């Protein structure tokens with residue numbers, strides 16, 4: 001069964017109560033809330049990292065000296081989505097690029113707007129930081145996410161190649 005998205009004017013007439021998604025940095029004391037979403041992200045992409053990588057990632061995300069950042073999407077004070085992003089130089093622009101590296105929303109909260117809100121929050125932070133673009137990757141099979149991404153960004157046609165070292 002398909003779910004229709006109602007315009008705000010109709011929602012108001014029907015008395016539909018919209019719950020507000022709060023986007024904010026995830027605090028150092030919230031690792032227990034973050035870690036299941038991080039694990040869910042890794043599981044979604046059918047991969048795993050060592051505990052050492054998870055510990056290092058958490059430390060980097062919480063270290064103000066690192067160019068890596070972390071935001072959470074909260075609904076009713078519960079963490080329902082995460083985004084990790086970082087800034088790096090580019091040979092093509094004066095301003096840095098902002099790489100939105102990881103974006104994950106818990107399955108039961110998908111479709112509520114958390115993913116878009118996280119992308120918008122990263123975009124605003126990148127703008128404030130003077131970045132010239134925000135970009136990200138997703139797997140070609142991630143059709144649900146691609147539907148959102150196709151609405152909020154352009155797809156320039158580049159194909160990623162890599163060598164694992």
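The values are calculated or read from the model by the stated rules, or taken from the named source; none is laboratory data. The structure displayed is predicted, hence computed values, not measured ones. When we count neighbours, we look across all protein chains shown, and the Cβ atoms used for this are built from the backbone with ideal geometry, even at glycine.
Tell me the residue from 32, 46 that is at positive phi, loosely packed, with under 11 Cβ neighbours inside 10 Å and over 15 Å from the mean Cα position of the chain (by Cα), please.
Only one candidate qualifies: 46.
How many residues, within region 121-138, are under 14 Å from the mean Cα position of the chain (by Cα), surrounded by fewer than 16 Cβ atoms within 10 Å (Cβ to Cβ) and over 23 Å from residue 45 (Cβ atoms)?
1
Hey, residue 109 hits all of (1) in contact with a strand residue (DSSP E or B) (Cβ under 7 Å, 6 or more places away or on another chain); (2) surrounded by fewer than 16 Cβ atoms within 10 Å (Cβ to Cβ); (3) at pLDDT below 95 but one; which does it fall short on?
Every condition holds for residue 109 apart from (2).
Here are some residues: 148, 75. Which one is modelled with pLDDT under 95, farther than 20 Å from residue 57 by Cβ and in contact with a helix residue (DSSP H, G or I) (Cβ under 7 Å, 6 or more places away or on another chain)?
Numbers: 75 fails: modelled with pLDDT under 95.
Matching residue, one of 148, 75: 148.
Tally the residues that are free of Cβ contacts under 8 Å to residues at least 60 places away in the same chain, in contact with a strand residue (DSSP E or B) (Cβ under 7 Å, 6 or more places away or on another chain) and within 23 Å of residue 113 (Cβ to Cβ), restricting the search to region 31-60.
We begin by selecting, within region 31-60, every residue free of Cβ contacts under 8 Å to residues at least 60 places away in the same chain; these are 31-36, 39, 42-43, 46-60.
Now narrow it down to the ones that are in contact with a strand residue (DSSP E or B) (Cβ under 7 Å, 6 or more places away or on another chain): 33-34, 60.
Those left that are additionally within 23 Å of residue 113 (Cβ to Cβ): 33-34.
Adding up the residues that qualify gives 2.
Among the candidates 112, 100, 79, single out the residue that is in a strand (DSSP E or B) and farther than 19 Å from residue 54 by Cβ.
Result: 100 is the single residue among 112, 100, 79 that is in a strand (DSSP E or B) and farther than 19 Å from residue 54 by Cβ.
For region 57-66, which positions are touching a helix residue (DSSP H, G or I) at 6+ places or on another chain (Cβ under 9 Å) and part of a loop (DSSP other than H, G, I, E, B)?
Passing the criteria: only 66.
Residue 144 versus (1) within 26 Å of residue 80 (Cα to Cα); (2) surrounded by 15 or more Cβ atoms within 10 Å (Cβ to Cβ): which is the lone unmet condition?
Condition not satisfied by residue 144: (2).
Table: residues versus (1) closer than 20 Å to residue 74 by Cα; (2) modelled with pLDDT under 95; (3) touching a helix residue (DSSP H, G or I) at 6+ places or on another chain (Cβ under 9 Å).
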site: 20; (1), (2), (3): yes, yes, no
site: 24; (1), (2), (3): yes, no, yes
site: 29; (1), (2), (3): yes, no, no
site: 34; (1), (2), (3): yes, no, yes
site: 39; (1), (2), (3): yes, no, yes
site: 49; (1), (2), (3): no, no, yes
site: 52; (1), (2), (3): no, no, no
site: 55; (1), (2), (3): no, no, no
